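Enquirer: Have a look at this one before I ask anything.
The values are calculated or read from the model by the stated rules, or taken from the named source; none is laboratory data. A quick note: this is a predicted structure, and the numbers were derived from the prediction, not measured. Note: ideal-geometry Cβ built from the backbone for every residue, glycine included; neighbour counts use all protein chains shown. In case anyone asks, the SASA skips ligands and DNA or RNA and just uses the protein heavy atoms, side chains included. Shrake-Rupley method; radii C 1.70, N 1.55, O 1.52, S 1.80 Å.
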Amino acid sequence: MNRKERREAERAARRNRDGQQPGSSFLPPQGRIARATMFPPADEERQRQDFLAGGVFAAGAGVLFPDGDGPVPSPVFVVYVHDDERTFGPAPQLRTAFDMLDEVGLVGLHEQMPVATSWAGMSGPSPLVKLKLDFPGPNPARGSAHLVLLADRYAELWQHIVHGGLIGVTTQQRLETATGRAGATFSDGLEACVLLGVGSSPVLEQLISLYRWPRRAPAA
């Protein structure tokens, strides 16, 4: 991917984030799920099951940091998914997205497959965070996919995305293949991802405050 193509992909991802992509819109986070109050045990379990319904547990999360070879000033938050039916059974849209990424590349994917994004969260002894992806179509990609993460496992990472930015959804094998060779760059990592934009999240902000997770130091 050259610099011009990468800029176009980043603009497309930000349009998705801001709700400017035709057929797509930014969906405000479901703030009602991020609660500081404690539920009775039975009610807490019901709330948790409702939250998880239809969701796909992600394989992990990480951060891609720029290497100085391009115009992206901020790191990209990465959500890893399993490269099997644990992901593609409940979320076939992601299989379609990866297939299109391989066929038409990052820029082509964003031109043909807009995605609306938002966060949801649930507090409790094991807090949860959900990345909600809404695919307006056309078929067969129409529908929603919800990627669930055990939030406290990634306490050091939420600071990089709480105020919005770019998210890459990929598999560990895809990213390792793209970046494992000598001379691999930040751009190579981006090309292995379904790159999405997301807005700032009151839900993540509440969870960071509630659990006192690390925050980024203010710029000097």
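Enquirer: Name the residue, out of GLY68, GLY60, that is surrounded by fewer than 17 Cβ atoms within 10 Å (Cβ to Cβ) and at pLDDT below 90.
Expert: Working: GLY60 fails: at pLDDT below 90.
Of GLY68, GLY60, the one residue that is surrounded by fewer than 17 Cβ atoms within 10 Å (Cβ to Cβ) and at pLDDT below 90 is GLY68.
Enquirer: Here is a further query. Going by what's in this entry, would SER126 be described as surrounded by fewer than 19 Cβ atoms within 10 Å (Cβ to Cβ) and outside any loop (DSSP other than H, G, I, E, B)?
Expert: No: the conditions fail for SER126.
Enquirer: With respect to the numbered conditions (1) open to solvent by less than 10 Å² (accessible area, probe 1.4 Å); (2) not in a strand (DSSP E or B), which one is the sole condition not fulfilled by LEU175?
Expert: Checking LEU175 against (1) open to solvent by less than 10 Å² (accessible area, probe 1.4 Å); (2) not in a strand (DSSP E or B), the one that fails is (1).
Enquirer: Follow-up question, since we're still on this one. Any idea which of (1) at pLDDT 95 or above; (2) open to solvent by 10 Å² or more (accessible area, probe 1.4 Å); (3) farther than 30 Å from GLY183 by Cβ is the one PRO114 doesn't satisfy?
Expert: (1)
Enquirer: Looking at (1) open to solvent by 50 Å² or more (accessible area, probe 1.4 Å); (2) closer than 17 Å to LEU196 by Cα; (3) in a loop (DSSP other than H, G, I, E, B), which is the one condition that is false for VAL104?
Expert: All conditions pass for VAL104, except number (3).
Enquirer: Here is a follow-up. Return the residues of region 131-149 that are open to solvent by 50 Å² or more (accessible area, probe 1.4 Å) and part of a strand (DSSP E or B); say none if nothing qualifies.
Expert: Of everything in region 131-149, just one residue is open to solvent by 50 Å² or more (accessible area, probe 1.4 Å) and part of a strand (DSSP E or B), namely SER144.
Enquirer: Please tell me if THR179 is modelled with pLDDT of 95 or more and among the hydroxyl-bearing types (Ser, Thr, Tyr).
Expert: On the way: modelled with pLDDT of 95 or more: no; among the hydroxyl-bearing types (Ser, Thr, Tyr): yes.
So THR179 fails the test.
Enquirer: Residue check: is THR87 more than 24 Å from SER200 (Cβ to Cβ) and crowded, with 22+ Cβ neighbours inside 10 Å?
Expert: yes
Here is a yes/no grid of residues against (1) under 13 Å from VAL78 (Cα atoms); (2) open to solvent by 60 Å² or more (accessible area, probe 1.4 Å):
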residue: THR171; (1), (2): yes, no
residue: LEU190; (1), (2): yes, no
residue: VAL194; (1), (2): yes, no
residue: LEU210; (1), (2): no, yes
residue: PRO214; (1), (2): no, no
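Enquirer: Oh, and also: Look at ARG153 and say whether it is open to solvent by 40 Å² or more (accessible area, probe 1.4 Å), closer than 26 Å to PRO66 by Cα and modelled with pLDDT of 95 or more.
Expert: Answer is yes for this residue.
Enquirer: Looking at the structure I just gave you, is LEU109 at pLDDT below 95 and open to solvent by less than 10 Å² (accessible area, probe 1.4 Å)?
Expert: Working: at pLDDT below 95: yes; open to solvent by less than 10 Å² (accessible area, probe 1.4 Å): yes.
Answer is yes for this residue.
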